[in-house]
Amino acid sequence: MSEPGDVAISSGSWDARSEEWLSTGQETRTRPDATHGDEPGARAPDHPSAPHRSSTPRRTAADPVKALMHRHRDLCERAVDPLEIAAGLEAHGVTDRTAARFRHRDVFSLAEEMYARMPRDGETPTPPAPQATSRPRADWVLLTLLPGALCTATVVGLHLTQGRPRLTVAVAGALAVAVALRAALARGPLAPRPDTTAPATAARTWTCWLLAYALLGDGLLRTALAGGPDGLPDGTPNAPWPLAIAPVLALVWACAPAAWSTYAFTARCRRKLTASRGLEDFAASVRPLLLTTFALFLCALAGLLALTSVTLEEPTAYAPTLALGSLLLLARLLTTHRFTHAPAVILTATATAQAMALATVFAARLPGCDVLAVPVQTLADTWGPASVQTLTCGTGALILLLHATRTLTRASAHAPTEEQR
């Protein structure tokens, strides 16, 4: 049995064998009456008593739509509107060109016929309007603001304390922010769908590493290239191992615009799914919407970074912060729409590249290993230590953006699940 809410699962997938079945069915339906006898071209006798040996076309060949309904019976029975059937067919590889072989102009028209012909017991439940399913709720709105508020309180505490109390404030604040971020990502637009099977532990681990590198990495790399570090960071920007607090504070506050951007993108995509009449039409309308959402988030993050940098009197590191913010937003946006493999791979590769950059600098101090630090040294001398984070996160974000323009423009990516109806 299929799990509730998984609109992309049916009794079989659309593969090469399905294409062969469709072509065979059409040939059987359109070819002339079969011949009889041993000789080619021999006709059947007209006498009524003569046995009729012609192979009659199967019902599936005469009615290919009915055969398709049988193949995707679970999907058709569970659907509450034709849009779910269209999304499920598209997820299994049925395109508008395939629908034309069923004498339909597009997949949406084919889905409407399948939905209308599917027998059901009792009345079919009427799905709620898209505006009602994605209405903002006060709980997730407050949860997206909570990490930024706790992070701000931690920064204030670090500036008001010294010595051991400062260490206590830092540890307690980091734990509080981590718990708040997990709560914000578990509810609302940034939460994965109930039927998502994501490698949550690995994704959270590498996300924490990326945020930690944004806080400590550039200062550690600069100090390591100069022969240090000679001690641990003390939380001040003038320390031998300085912390980059402003970028992390901006990224934590950016959880709120990320949630609103995701909410607006999802709601508008579902409205366009209702109004679209073809898969290509839907993809063409969603692609600029995705790019607009991405650009608006970057503008919000840039504004937050400018504000935090001025407040904390730190340099404004636009390039590495925007690159990391882009990477985290796209990874979360794909995860919330059930595309979990690519974000996990890219986050792992990005964090590994940053760790290797630091490791090569320290490994170069071993006798005869000076050459190991040459790539990172050259990169830091040319564009600064922050270029490592910019290059790794920017490359990962670009790959995920290209992947999102292909996957998030599918109708199946925006079909509502059971808990969203």
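The values are calculated or read from the model by the stated rules, or taken from the named source; none is laboratory data. Since the model is a prediction, treat every value here as computed from it, not as a measurement. Cβ: placed from backbone, ideal geometry, glycine included. Neighbour counts: every protein chain shown. When the accessible area is computed, the model is the full protein with side chains, heavy atoms only, and any ligands, DNA or RNA have been set aside. Shrake-Rupley method; radii C 1.70, N 1.55, O 1.52, S 1.80 Å.
Please determine whether any residue of the stretch 272-290 is within 27 Å of Arg204 (Cβ to Cβ) and small (Gly, Ala, Ser).
Going residue by residue through the stretch 272-290, those that are within 27 Å of Arg204 (Cβ to Cβ) are 290.
Narrowing further to those that are small (Gly, Ala, Ser): none.
Within the stretch 272-290, not a single residue is within 27 Å of Arg204 (Cβ to Cβ) and small (Gly, Ala, Ser).
Within the stretch 334-345, identify whether any single residue is open to solvent by less than 10 Å² (accessible area, probe 1.4 Å), farther than 19 Å from Cys151 by Cβ and of a type in the set (A, V, I, L, M, F, W, C), and answer yes or no.
Taking every residue of the stretch 334-345 in turn, at least one turns out to be open to solvent by less than 10 Å² (accessible area, probe 1.4 Å), farther than 19 Å from Cys151 by Cβ and of a type in the set (A, V, I, L, M, F, W, C).
Could you give me the residue pairs with C-beta distances under 8 Å whose first residue belongs to the stretch 293-317 and is under 26 Å from Val156 (Cβ atoms), whose second residue is part of a helix (DSSP H, G or I) and charged (D, E, K, R) wherever it lies, and which are 6+ apart or on separate chains?
Ala317/Asp218
When the residues of the stretch 357-368 are narrowed to those that are open to solvent by 40 Å² or more (accessible area, probe 1.4 Å) and touching a helix residue (DSSP H, G or I) at 6+ places or on another chain (Cβ under 9 Å), which ends up nearest to Thr223 (Cα to Cα)? Full working, then the answer.
As a first pass, look at the stretch 357-368 and keep what is open to solvent by 40 Å² or more (accessible area, probe 1.4 Å): 359, 362, 365-368.
Going one step further and asking which of them are touching a helix residue (DSSP H, G or I) at 6+ places or on another chain (Cβ under 9 Å), we end up with 359, 362, 365-366.
Numbers: Ala359: 13, Phe362: 11, Arg365: 14, Leu366: 17 Å.
Filtering first and then ranking leaves Phe362.
Give me the pairs: first residue in the stretch 329-347 and in the same structural domain as Thr409 (by TED's automatic domain parsing) and among the hydrophobic types (A, V, I, L, M, F, W, C), second residue open to solvent by 20 Å² or more (accessible area, probe 1.4 Å) and not in a helix (DSSP H, G or I), beta-carbon distance under 6 Å, and six or more apart or on different chains, which are they?
Ala344/Pro199
Kindly evaluate Val252 against the criterion of being modelled with pLDDT of 90 or more, more than 28 Å from the chain's Cα centre (by Cα) and among the aliphatic types (A, V, I, L, M).
Values: modelled with pLDDT of 90 or more: yes; more than 28 Å from the chain's Cα centre (by Cα): no; among the aliphatic types (A, V, I, L, M): yes.
Judged against the criteria, Val252 is not a match.
In the list Leu379, Leu372, Leu402, which residue meets the criterion of being open to solvent by 30 Å² or more (accessible area, probe 1.4 Å), assigned to a helix (DSSP H, G or I), without any contact (Cβ under 8 Å) to a residue 24 or more places away in the chain and within 30 Å of Gly88 (Cβ to Cβ)?
Sole residue among the options that is open to solvent by 30 Å² or more (accessible area, probe 1.4 Å), assigned to a helix (DSSP H, G or I), without any contact (Cβ under 8 Å) to a residue 24 or more places away in the chain and within 30 Å of Gly88 (Cβ to Cβ): Leu402.
Would you say Arg287 is surrounded by fewer than 22 Cβ atoms within 10 Å (Cβ to Cβ), in contact (Cβ under 8 Å) with a residue 12 or more places away in the chain and in contact with a His (Cβ under 7 Å, 6 or more places away or on another chain)? First the steps, then the outcome.
On the way: surrounded by fewer than 22 Cβ atoms within 10 Å (Cβ to Cβ): yes; in contact (Cβ under 8 Å) with a residue 12 or more places away in the chain: yes; in contact with a His (Cβ under 7 Å, 6 or more places away or on another chain): no.
Taking the combined requirement at face value, the residue does not satisfy it.
Consider only pairs whose beta carbons are under 8 Å apart and that are at least six residues apart or on different chains; among these, list those whose first residue lies in the stretch 171-195 and is touching a residue at least 60 places away in the same chain (Cβ under 8 Å) and whose second residue is aliphatic (A, V, I, L, M) and open to solvent by 60 Å² or more (accessible area, probe 1.4 Å).
Close Cβ pairs satisfying both conditions: Ala184/Leu146.
Based on this model, can you work out whether Gly325 counts as surrounded by 21 or more Cβ atoms within 10 Å (Cβ to Cβ) and part of a helix (DSSP H, G or I)? Steps first, please.
Working: surrounded by 21 or more Cβ atoms within 10 Å (Cβ to Cβ): yes; part of a helix (DSSP H, G or I): yes.
When the stated conditions are applied, Gly325 passes them.
Just give me the residues in the stretch 348-369 being within 21 Å of Ala202 (Cβ to Cβ), touching a residue at least 40 places away in the same chain (Cβ under 8 Å) and over 29 Å from the mean Cα position of the chain (by Cα), in sequence order. Break it down into steps so the answer makes sense when it comes.
Step one: of the stretch 348-369, the residues within 21 Å of Ala202 (Cβ to Cβ) are 348-359.
Those still in the list that are touching a residue at least 40 places away in the same chain (Cβ under 8 Å) too: 348-351, 354-355, 357-358.
Result: Leu358, single match.
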